[in-house]
Amino acid sequence: METPLRTLLVDDEPLAISRLRRLLSAYPDTFTIVGEAANGAEGLTAVESLRPELVFLDIEMPGLNGFEMLSKLTYLPMVVFATAYDEYAVRAFEENSVDYLLKPIEPERLAKTIERIRHSRQAPATVTPDLRHLLELLKPKKELQSISVKSGDRILIIPLTDIAYFEAEDKYVLLHTTDGQQYLTTYTITTLEEKLPDTFLRISRSTLINSRQVREIQRYFNGKYLVGLRDKKNTQLQTGSAYHDNLKTLLEL
């Protein structure tokens, strides 16, 4: 017989904590409540000191929210979220095998959560990677809105709409504008691909284009393509075979 899970409750609403404690008291063989926390900062301290096996965690809390709290932990227990998130986020929870409870928590839904927890205890190695992946999915993407470049003693701010493409040469990445200018940047192609909006597509190992500046696409040798841009130089760029999926995305725009 398995011992009860050492359980921590983290929620900034006293009534929610009280209700959850009462609901969990019906399952003394499954849960032993070892502590409570009224916000993310307290929860962070409690998890690190008490080392619970399971945390029932509110998401929307003042100061440090549930996701921010988890991202700072060095020890990661199983987690059940209490959430008022929309349907998209709920699907993310389901797909990543991390359970959630919509407030106010109902006994029938809690019973399903308990079954999932019991199943997770039999395969605990899968829990932590899934939770880490979920945090990455829900982390806001910080997109660049413009690019800063040096020009002599000046620093120029180039709006994304004025950029035709980026091109890597050796250890450097050049920014090419629609009016035919080029500037040296401090970014790598990979970093730009991660931080720029989806309108910027990588078409080869060394080239990232602004899809809104594409004029035409022509078939080229060996299954490759030439992408013609609308910039002042009427630039043509060759695609790489490893980036054909990105080209398909471009064709659907």
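The values are calculated or read from the model by the stated rules, or taken from the named source; none is laboratory data. Since the structure is predicted, the reported quantities are computational estimates derived from the model, not experimental observations. Glycine also receives a Cβ, built like all others from the backbone with ideal geometry; neighbour counts cover every protein chain displayed.
At a glance:
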quantity: Criterion violated by residue 160 - all others in (1) under 27 Å from the mean Cα position of the chain (by Cα); (2) farther than 23 Å from residue 232 by Cα satisfied; calculated: (2)
quantity: Test: residue in segment 151-159 that is aliphatic (A, V, I, L, M) and loosely packed, with under 12 Cβ neighbours inside 10 Å; calculated: yes
quantity: All positions within segment 26-49 that are crowded, with 17+ Cβ neighbours inside 10 Å and among the charged types (D, E, K, R); calculated: 36, 42
quantity: Selection count, segment 67-94, where residues are among the β-branched types (Val, Ile, Thr), at pLDDT below 85 and touching a Lys or Arg at 6+ places or on another chain (Cβ under 9 Å); calculated: 1
quantity: Residue in segment 232-243 that is outside any strand (DSSP E or B), touching a residue at least 60 places away in the same chain (Cβ under 8 Å) and not small (Gly, Ala, Ser) present; calculated: yes
quantity: Residue list for segment 15-70, filter: touching a Leu at 6+ places or on another chain (Cβ under 8 Å), assigned to a loop (DSSP other than H, G, I, E, B) and more than 19 Å from residue 99 (Cα to Cα); calculated: 39, 64
quantity: Conditions (1) in contact (Cβ under 8 Å) with a residue 12 or more places away in the chain; (2) out of contact with any Pro (no Cβ under 9 Å at 6 or more places or on another chain); (3) surrounded by fewer than 17 Cβ atoms within 10 Å (Cβ to Cβ): number failed by residue 18; calculated: (1)
quantity: Close pairs (9 angstrom Cβ cut-off, 6 or more residues apart or separate chains): under 10 Å from residue 206 (Cβ atoms) in segment 154-171, aromatic (Phe, Trp, Tyr) and modelled with pLDDT of 90 or more anywhere; calculated: 166/200
quantity: Yes/no for residue 110 being modelled with pLDDT of 80 or more and out of contact with any Lys or Arg (no Cβ under 7 Å at 6 or more places or on another chain); calculated: yes
quantity: Segment 45-70 residues that are among the small types (Gly, Ala, Ser), paired with ones that are part of a loop (DSSP other than H, G, I, E, B) (beta carbon under 7 Å, 6 or more apart); calculated: 63/39; 66/59
